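A short write-up of the structure that comes next.
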Amino acid sequence: MIDVEAEVLGKRVFMTFVYGEPVQKLRDQVWERLSRYGSARSEPWFIIGDLNEITGNHEKEGGNIRSLESFVPFNDMIRNTGLLELPARGNKMSWQGRRNKVMVKCCLDRALANEDWHTLFPCSYTEYLGLVGSDHRPIVAFLEDKIQKRKGQFRFDKRWIGQDGLMDSIERGWEATSRNTTGMRFQHGEKNNPPYGKEKIGELQKALEEVQTDSTRTQEDIMDITRKLQEAYKDEEDYWQQKSRNMWNTAGDLNTKFYHGLTKQRRTRNRIVGLYDENGNWVVKDQGLEKVAVDCFDDLFQTTSPTEFGGFLEEIVPTITPQMNQRLIKPATEEEVRQALFMMHPEKAPGSDRMTALFFQHSWHIIKKELLELVNDFITSAELDTRLNMTNICLIPKTERPTRMKELRPISLCNVGYKIISKVLCQRLKACLPSLISETQSAFVAGRLISDNILIAQEMFHGLRTNKACQNKFMAIKTDMSKAYDRVE
């Protein structure tokens, strides 16, 4: 193990180059030493090398399955030191060899860094090279300290909730631009209500020190500033919880640092270092990555523009009765719209309107009339405003380190108005679905379980394997519908 102290970008940093102990029972000494380094350092810290260990069986191909207990010491070291693996490209199975005549591949080489390192080098990544003259792939770390700054978009900030004048600001903004999008409306008022932040906290801390040392100030003055400071701390925690997308931690001490760390970890995990284009070229520049994504979606949403549907529709027997249709297309009530709105999680990622459901829920008494009109305009006209149909496409990795667009699942983030219309219709359709959807479709319908089909499929495969009368007469075909959720044509 080689431990180096250096100065990079004017800051003191540490870099540790590790060769893990080949003998498994002696590896705990390596993890204990790294844990001591981690607990003693508050500076940026980076480790890289052949650690001779994996975090789980998912980092191994071939050979015997190891017990979960055998991974605990290594994972404990990573967790206790706060290390996070750098994003990587290439084949992560960095070692391969034969064990008892079986080819085994493992991820033994890796690079990890603490939170301060990821802050200093936000675009760092590693590359696994080809196997040349060794059973290990060389691993190279690229330390990128510059991240392209993008123009930020307006988004509703949770910290505004409860501030003096917020409701007046919303009302003014709503009335000022009655035909604009929700985000544009609210921006008319939000500039006068900036949320608490680090600067505000610093000002309050300084003011509190001055008041406490000033003999002419009263206890009420101290209590007033203390109260504002507590509110600022709570606002800062709420802000980072919203950024971290953490939904399970709801109570306890202030967790600002915890949420801040989660946010940085999420950004590091989700950062796309580069992608292969359709010609197999590795693209890393932002402009090139944008083209790779646009080309992918251009191909995905292409259509043959079919016009003849008669042959398909002739065989479909109508199952919606006039009475059912009347219930589906009748004007929505205020209570229906309210229920649809308050069914939503208040802090899910916003769509193109940049507003979370929290804003609509908090200002329901101001905007309920126009929300009701929005829903009923669609029901009566059967036409959707094009602005409502705009979505932000968010790419969710299907694999741990995606390198191609097909390894990223596109999720459309809809705006709240669209979601309200959708939920109102879904609630009405619930009563009709059992008579419309075959019993063999066991998902997406209340009272049915997709696991039923799994059990049936398992029994059928068992029958095909064991029943000689079936083996030569029947077969099973597994299909995967590409683009099934994007279009059906």
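A few remarks follow.
- Residue in the range 52-61 that is exposed (fewer than 13 other Cβ atoms within 10 Å of the Cβ) and out of contact with any helix residue (DSSP H, G or I) (no Cβ under 9 Å at 6 or more places or on another chain) present: yes
- Looking across the range 384-416, the residues that are in a loop (DSSP other than H, G, I, E, B) and closer than 13 Å to residue 352 by Cα come down to 386, 387, 388, 389, 390, 415.
- Subset of the range 2-58 [in contact (Cβ under 8 Å) with a residue 40 or more places away in the chain, over 18 Å from residue 72 (Cβ atoms) and touching a strand residue (DSSP E or B) at 6+ places or on another chain (Cβ under 8 Å)]: 13, 37, 41, 43, 44, 45, 46, 47, 48, 49, 50
- Residues satisfying the stated conditions in the range 282-319, i.e. among the β-branched types (Val, Ile, Thr) and at pLDDT 85 or above: 292, 294
- Identity of the residue in the range 25-48, over 32 Å from the mean Cα position of the chain (by Cα) and crowded, with 17+ Cβ neighbours inside 10 Å, that ends up modelled with the highest pLDDT: 30
- Residue within the range 307-321 that is touching a residue at least 24 places away in the same chain (Cβ under 8 Å) and closer than 30 Å to residue 359 by Cβ present: no
- The residues of the range 417-463 that are free of Cβ contacts under 8 Å to residues at least 60 places away in the same chain, not in a helix (DSSP H, G or I) and not hydroxyl-bearing (Ser, Thr, Tyr), listed by number, are 430, 437, 439, 441, 443, 444, 445, 446, 447, 448, 449.
- Within the range 270-289, residues that are in contact (Cβ under 8 Å) with a residue 12 or more places away in the chain and loosely packed, with under 15 Cβ neighbours inside 10 Å reach partners that are in a loop (DSSP other than H, G, I, E, B) and of a type in the set (Gly, Ala, Ser) with beta carbons closer than 9 Å, at six or more positions or on different chains, in the pairs 282/274.
- Test: residue in the range 380-388 that is under 30 Å from residue 294 (Cβ atoms), more than 29 Å from the chain's Cα centre (by Cα) and free of Cβ contacts under 8 Å to residues at least 60 places away in the same chain: yes
The values are calculated or read from the model by the stated rules, or taken from the named source; none is laboratory data. Model, not experiment: these values are computed from the prediction. Reconstructed Cβ throughout: ideal geometry from the backbone, glycine too, with neighbour counts over all protein chains shown.
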